[in-house]
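Okay, structure first, notes after.
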Amino acid sequence: MRRRLLFSASAGVLGVTVLSACSAETPEKPKTPASSAGTEWQRVNLSFVSAYLLVRGSEVAIVDLGTPGSESAIEQGLKAAGAGWDNVKHVILTHKHDDHAGGLAGVQPHVSATWYAGEADVSGIRSETALTPVKDGDEVFGLRIIGTPGHTAGHVSVFDPANGVLVAGDALRTTDGLAGSDPQYTADGKQAAASIKKLAALDIKQILPGHGDPLTSGAVDALKKLAASLPS
């Protein structure tokens, strides 16, 4: 499938949108970066799924890698953020599904990083480099790992407590308002609902979902409303 990259800049932030022949060719507005107290974030929009670059100083953590063949788009995202492969020291996979972990083989040759995935999903991810299993409460790069099982058994989300930014993987989506894990791809709906209630207890200011646009205002209220609508 033919892809091309569009770049946009506003208020010092560069955005990267990857467009395919089947997507609407309109560039996404760049998003406001996180507070300087924590990481700044950049979205790499891979048409129907996103990877996120979390930047602090000269060091970068990538959360999720999209589908196979996404390495070029991620590289352009790094360049747009003023970084490169050498700056990537951490790669965190929220879960084992191919639209989030499929880009692993293409990215691995370019970086010298520590690779992480939820401990229950590690065995389901093919990797040439050893994956470090993580669980609820672990810390990577000053980021808190939040165990959010349900979509998969080992699904994790990534939370920056310094600025309230949550990279939610598939625990949350915004394709049609804020919602939880898509039921048709969810291993355990009861666990997925419990994970949403768990996230709603955090002081979340921005939600960066795997599918849909980042929610950069009203996130905490929307999340609490969603959690309240779910059965106990």
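Only the coordinates and a few stated rules stand behind these numbers; no lab work does. The model shown is predicted, which means the values in this text are computed figures rather than measured ones. Neighbour counts are summed over all protein chains in view; Cβ atoms, including those assigned to glycine, are modelled from backbone coordinates with ideal geometry.
Observations, loosely collected:
- Pairs where the first residue, in segment 201-219, is without any contact (Cβ under 8 Å) to a residue 60 or more places away in the chain and within 16 Å of Val44 (Cα to Cα) and the second is assigned to a loop (DSSP other than H, G, I, E, B) and aliphatic (A, V, I, L, M), C-beta under 8 Å, 6+ apart: Ile207/Leu178; Leu215/Leu178
- Test: Val107 is on the phi < 0 side of the Ramachandran plot, β-branched (Val, Ile, Thr) and assigned to a helix (DSSP H, G or I): yes
- All conditions but one from (1) closer than 18 Å to Leu230 by Cβ; (2) assigned to a loop (DSSP other than H, G, I, E, B); (3) under 15 Å from the mean Cα position of the chain (by Cα) apply to Ser157; the one that does not is (2).
- Count of residues meeting criterion [surrounded by fewer than 19 Cβ atoms within 10 Å (Cβ to Cβ) and outside any loop (DSSP other than H, G, I, E, B)] in segment 122-134: 4
- Residue, nearest to Ala168 (Cα to Cα), within segment 83-104, restricted to residues that are assigned to a loop (DSSP other than H, G, I, E, B) and within 17 Å of the chain's Cα centre (by Cα): Thr94
- Of everything in segment 135-167 that is of a type in the set (A, V, I, L, M) and out of contact with any helix residue (DSSP H, G or I) (no Cβ under 9 Å at 6 or more places or on another chain), the residue that is surrounded by the fewest Cβ atoms within 10 Å (Cβ to Cβ) is Ala162.
- Filter result for His151 (touching a residue at least 12 places away in the same chain (Cβ under 8 Å), touching a Lys or Arg at 6+ places or on another chain (Cβ under 6 Å) and in a loop (DSSP other than H, G, I, E, B)): no
- Here segment 172-185 is the region considered, the condition is being touching a residue at least 40 places away in the same chain (Cβ under 8 Å) and in contact with a helix residue (DSSP H, G or I) (Cβ under 6 Å, 6 or more places away or on another chain), and the residue that is surrounded by the most Cβ atoms within 10 Å (Cβ to Cβ) is Gly180.
- When Glu119 is tested against the conditions (1) surrounded by fewer than 21 Cβ atoms within 10 Å (Cβ to Cβ); (2) farther than 19 Å from Ile92 by Cα, the lone failure is (2).
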